[in-house]
Amino acid sequence: MASLQASSLLLFSSSSSSSTSSTTRTICSTLHIPNLQKYSAVPQLQQNNPPKLLDELNARRDLGFVNTATATATAPAPLDHIGLINSFRPSTQQNSEKVKLYAILEAIGDRIEMHKNIGEQRQNWSVLLLNSINMMTLTATVISGISTAATNVMGTPTSVLAFKLPSTLLFTAATGMLVIMNKIQPSQLVEEQRNAVRLFTQLQRRLQTNLALEKIPTDEDVKDAMENVLALDKAYPLPLLGVMIEKFPKSFEPAAWWPPSRHHNHEQQQQQERDEEKEDDIKIRTRMMKNGWSRELEEECRDIVGVMKRKDEADYARLGNKALHLSKMLAISGPLLTGIAAVGSAFIGSPTHGPWAAALVAAVAGSLASIVNTLEHGGQVGMVLEMYRNSAGFFKNLEETVDSTLEEGEMEKRENGELFEMKMALSLGRSLSQLRELAATSRCCDRGGSSNEDFASKLF
């Protein structure tokens, strides 16, 4: 086999001048290929180069290994790293919305800490005020009883005054403190802070879950989070003066810690639109819907809401009204009894009312006042009332959530139907099979007119 002979001519040219500050080197190469037709071992190259060879030469040329006639040694163009990174980086708007959500999370964490601290402080108020008022009332009662014996033994006005004055002062001070305590209801304030901590923590976990799932936040998500935070601030205020929740309303009302639904704000307009699109809506709902929703699932949700209205909400409204009436009665009776005891102790030793009549009134009224005060604040009637308010509000919130979800006409905008059903079952303390069985039982009770219907919730 003959060898290939190749010669290369390398020419270097350089030029420098006072007006130029750069040097350019040009490399010229010439490749001499002998006539390969003489050698049968080497295949003959065709005029039209094979495609694979052309692709290989083009690839090598692109990489800088092969250059044709003349090549200039210049630096290759740098890669656009910034554009490459920005192609994988979220947009500025997305980053802005995520930063806003993190700022809301920080504010929620701060509110949780504040409600915890204030809840502990108000719990101390409840215990200290209860013990202090009871000690003052019982002490004044004992002094009133002793004053009768002192009157019979000593019989001097000075000795009677020594017992009468402290008793009257203690009963008067207990009356004023009891009025303030009954007005603010410390046990109910503590329960409000507990509920606020729980609901703020629930909101915090929901936002953290959305961010952990790498869900791209939108401006609507930020507005929804802000509305929820402000609604919780309004439902469970921290100050006592001015914005404190009314402890003795005219009628029992469930707690509302969620923002008003947009669907309910425009109910009349949507009702008109639903009437116009009723026929199309029936056609859509007759077939299997998208996003996990079906006609059977919607009917099931409506049946569950009906059970909650008839049983759970009605029962908690009944219990709440009873607790409210009891709280009002005890809140009035306590200061009234201590006031009567204070007046009675002031007339101890008066000859017009007998030596023992005024002391007896003061002692009996003071004893009853201690019993009423212990029953009201030791039994935490205000806390029980707030628990009923919160429980009734839970069912009201779940009802509005179901209604607003079903009012959404576009299935893609709804939460996934299967996930929504599972959340509802967990909220009511039931399994999916138990939830469906409850809906079926509700339909049977409606048709048969039976009142033997189970409660929707098994939690409380």
Quick one: ranking LYS309, LYS413, LYS164 by accessible area, 1.4 Å probe, largest first, what do you get? LYS413, LYS309, LYS164
May I ask for the Kirkwood hydrodynamic radius of region 193-236, worked out over all distinct Cα pairs and given in angstroms to one decimal? 11.1 Å
Packing-based ranking, highest mean first, of 328-337, 165-174 given that Cβ atoms within 10 Å are counted: 165-174, 328-337
With a 1.4 Å probe and all protein chains left in place, how much accessible area per residue does region 330-423 have, in Å²? 43 Å²
When N counts the residues of region 308-419, how does its alpha-carbon radius of gyration compare numerically with 2.2 N^0.38 Å, as a ratio? 1.90
To make sure I understand the rule: partners must be lysines, Cα under 18 Å from the Cα of LYS322, and not fewer than 8 residues away in the same chain. Which ones qualify? LYS247, LYS250, LYS311
Please report the base-10 log of the normalised intensity I(q)/I(0) for region 160-237, using a Debye sum with one equal scatterer per alpha carbon and no solvent, at each q in 0.11, 0.12, 0.21 (1/Å). -0.53, -0.57, -0.96
So what's the Cα pair-distance distribution over region 202-262, bin width 10 Å, in %? 18, 40, 26, 13, 3
May I ask you to give the percent of accessible area on region 125-245 that is carbon plus sulfur, with a probe radius of 1.4 Å? 69 percent
Could you pull the Cα extents of region 380-452 along its three principal axes, largest to smallest, in whole Å? 46, 35, 22
With a 1.4 Å probe and every protein chain kept in, tell me what percent of the accessible surface of region 308-460 is carbon plus sulfur. 62 percent
Using only Cα atoms, what Kirkwood radius does region 351-406 have, in angstroms? 15.2 Å
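The values are calculated or read from the model by the stated rules, or taken from the named source; none is laboratory data. Computed from a prediction, not measured in an experiment: that's the story for all the values here. Every residue, glycine as well, gets a Cβ built from its backbone with ideal geometry; the counts of neighbours run over all protein chains shown. In case anyone asks, the SASA skips ligands and DNA or RNA and just uses the protein heavy atoms, side chains included. Shrake-Rupley method; radii C 1.70, N 1.55, O 1.52, S 1.80 Å.
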